[in-house]
Structure formats: C-alpha cells, structure tokens
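A short worksheet on the structure shown next.
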Amino acid sequence: MTSEHIPTPSAPGLIGLSLPDGVVPLSSADSTWGMIRVHGADATRFLQAQLTNDFALLKPDQARLAAFCNAKGRMQASFVTLRTVHDADSSTYLLVCRKDVLPAVLKRLRMFVLRSKVTLDEVTEGLALYGLLGEAALAVWGEGAEAAQPWSYRNNGERHLVWLYPAAEPDARVPRALCVQDSSLPPPAGAALDPSLWELSEVRSGVPMVSEATYEAFVPQMVNYESVGGVNFKKGCYPGQEVVARSQFRGAIKRRAYPASGVLPADAALPQAGQDVWRLAAEGGEPEPCGIIAQVAPTDGGFALLASLQNSCVEEAVQGRATLRAGTADGPELHLQPLPYDLLEDI
C-alpha cells in the first residue's frame, strides 16, 4: 500500500482549520521544544558517529533531519540540526528537538564523548526559536523562498533559518521554516500565533518528531525518515545502524507513518501520542492494535494525527474491509489522508 492509493477525504470537516500566516514562539518557558548545542573541534565527527544522517558531507547551505537510536535501532530522539559556526578550528551545531526527551538524550549523548574534543549543553538562554508559517516563512527567508527545498539552511546575518517540509492542506502546501536568533532581537515579522498551530503544521507536514510518549517506539522507517532525508545508508556506523540498514535492504518495512483525521465528540478526550491505533474488521471479530500514534494536534471539532501503521491494515481500511480507531477500540474513527511526499521504495 502506497500513499497515492489513499483517497483524499471528500468531507472538508474531516480536515478542519486552515493554517494562518504568522510566527510561532517555540522557546518560551512552557514550549515543548528545546535545543542542544554541540561545539568543538570534533563536533562533526561526533555527530557523524551518533546520528542517522551524514554530517561529514554537510554543505554550508544545508541542515539535517536526523535520529538518535538505541542499539536496536529504536529512535530515542529526532533532531532538526543546523551548523551555525564552521571554521578550521571548530564547529557549532544546534539540535532542535522535543523538550521532554532532551534531558535523557543529552545525558546519553554525553556518554559517547569520551576523549572527543566536543561539548554538549542545553541552550537555556541567549537564543530564541520561532516557527514560521505561510507568508511569514517566505518573507523571512527572502529571495529564492519559492524554490527552497526541505532542509535548506540560510544565515541572513541575524537569523539562522531552516526550510522544512510544507504543511499539506486540501488545496495548498503551507510553507514552513524554523528560525533561530539572538533572544535580544525582535521576533520575525508576522502575526503571533498559538503554539498549537505549529503542532498542527508538524502533523500536516508528515514528518513526526520523537517525544517522550514515543521514545523507542519506532525505527526510523516506521515514521518515513528514510523518505524525508533523515537517514543516510552510505555513511559509517552509529548506534542501531545495522538494524536500520537491515530493515531497508531486506524489504522488512511493514509499518509506515500515515496522516489521518477524525471528528471528536464534545465530551471526548483528544487522542495522544503513544496510544495505539485499533483495527476493527468489517466482518467482525476482536479489535486488534495495528499501530501507534506518533503526533497529534487539535482542529475545529476534531483532530489531525500521524500514526505509524501496519501497511496491511491501511490497505484493509482503504478497501473498506476494516475501520481504524484512535486511542481505544471504541475511540474516534480515523480517516486516512495521502502523504504530502513520495515514499522511498525498499532497496
């Protein structure tokens, strides 16, 4: 089952809430986002040895999506990684991730430093992080924004910018970018938006980020990271590399991340990341778990989510042989939507 076989829902109410243009503050005290600074003469070699992507080949105009895995290839964190300093003596990287996994992952990363000339610290002051949506992203990026590709990087003198995958809406793609700047500077130009809208844009981009609720729940391919530039299969070893490579080269990818939406009754709780997705066969029988919610966001009268689902269950749902429900076997029904990008076929 591939994404192009999933029909676009015909009922607009199942999608709900268009994303506005504007700026989302992501580094406030109550934000769900954090940053790790990696600095030193061996910073590049260190990241090359720990994360799923290739940092030795990083160009000045590139950022990276990457995962940090355990020995079994299960993701403990995912990062949007940008290099802010690069000279003959040292490099500095910023790793943007979910704040709730940051302390544990920072502690584990430090275990691998050993004699490397590198320091790792949480960014707690001095820098501000913003999410940019729509026209705000285009304006701050400036010339060439319309042609910018995901994981492009730009330093315009005051701001470090990373172009992200766009958020998919029924008739449009909403541009998205991350902005890191000195906290003493005014925010980028644009209407200030609620952080919940950034969560919705994340879901609609089809690129989930690991949170505490999904810690070690997925190998990268279960959430499509090999298809969105988050895994390099030609680089050397890193924790979990053998498992990740074996899954790809042996055609063992049985789960993929799919976007879905649903209507939420007034008295019902919002589904949560880490909860199961349940399969109910049309001919009856016991409900069975068939996936895990990776990320979720509220919409008008409903929700949007990304879930890592068994491909066989997705095929059944598309063919009308099963329904999928979020959270519990009697939870809200899920309506699958096409991915906003192509999946990389098994190698």
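Annotations
- Among the residues listed as PRO287, PRO265, the single one being within 25 Å of PRO195 (Cα to Cα), surrounded by fewer than 24 Cβ atoms within 10 Å (Cβ to Cβ) and not assigned by TED's automatic domain parsing to the domain that holds PRO166: PRO265
- Complete set of residues in region 34-77 that are in a helix (DSSP H, G or I) and either more than 15 Å from VAL244 (Cα to Cα) or free of Cβ contacts under 8 Å to residues at least 24 places away in the same chain (or both): ALA43, THR44, ARG45, PHE46, LEU47, GLN48
- Here is the figure for region 293-303: residues that are aliphatic (A, V, I, L, M) and surrounded by fewer than 24 Cβ atoms within 10 Å (Cβ to Cβ) total 1.
- For region 164-187, the set of residues classified as closer than 30 Å to LEU336 by Cα and either free of Cβ contacts under 8 Å to residues at least 24 places away in the same chain or not assigned by TED's automatic domain parsing to the domain that holds THR92 (or both) consists of ASP171, ALA172, listed by residue number.
- Considering only residues in region 49-60 that are of a type in the set (S, T, N, Q) and closer than 10 Å to ASN232 by Cβ, the one that is surrounded by the fewest Cβ atoms within 10 Å (Cβ to Cβ) turns out to be ASN53.
- Region 307-333, residues that are outside any strand (DSSP E or B) and either free of Cβ contacts under 8 Å to residues at least 40 places away in the same chain or within 30 Å of ARG246 (Cβ to Cβ) (or both): ASN311, SER312, CYS313, VAL314, GLU315, GLU316, ALA317, VAL318, GLN319, GLY320, ASP330
- Test: ARG173 is of a type in the set (Lys, Arg), closer than 15 Å to VAL80 by Cα and part of a strand (DSSP E or B): no
- Out of VAL85, VAL80, one residue alone is buried (at least 21 other Cβ atoms within 10 Å of the Cβ) and either part of a strand (DSSP E or B) or at pLDDT below 95 (or both). It is VAL80.
- Conditions (1) more than 23 Å from TRP198 (Cβ to Cβ); (2) modelled with pLDDT of 95 or more; number of the one not met by LEU343: (2)
- Every condition in (1) part of a strand (DSSP E or B); (2) of a type outside the set (Val, Ile, Thr); (3) within 20 Å of CYS179 (Cα to Cα) holds for ALA139 except the one numbered (1).
The values are calculated or read from the model by the stated rules, or taken from the named source; none is laboratory data. Predicted model, so just to flag it, every value in this text is computed and none were measured. With ideal geometry, Cβ positions are generated from the backbone for all residues, glycine too; neighbour counts draw on all protein chains shown.
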